[in-house]
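Peer 1: Here you go, one structure.
No lab work stands behind these numbers, since they all come straight from the coordinates. None of the values given here were measured: they were computed from a predicted structure. Note that each Cβ is placed from the backbone with ideal geometry, even for glycine, and that neighbours are counted across all protein chains shown.
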Amino acid sequence: MSKTGRTNPRRGSRGTPKPERHITVRSVRREQPDLRKLSRAVIAMALREAEAKTEVREALLRPGVQQSTTQTDTEEAASA
């Protein structure tokens, strides 16, 4: 708190979450794409997707949850 007793609106109050921020992404046109950045982005996306699939499978294997065939399971079986 400040000397005047007012709180700073930019600083999150204790116990209350901060509001969501809006992020804007702007592209930059280049002759050669940055392959390192692109590869890191693709790897991060693949890891997130794998984690999401793992969470879904774990949720389906928990007792008390009805097991059903999902679209991803049928796609994996078809590709194998």
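Peer 1: Starting from 0.36 nm per residue, how many nanometres of slack lie between Thr7 and Glu20 once their C-alpha separation is accounted for?
Peer 2: 2.7 nm
Peer 1: So, counting K/R as plus one and D/E as minus one, what does the shell of residues with Cβ under 13 Å around Val28 add up to?
Peer 2: Charge balance near Val28 sits at +2.
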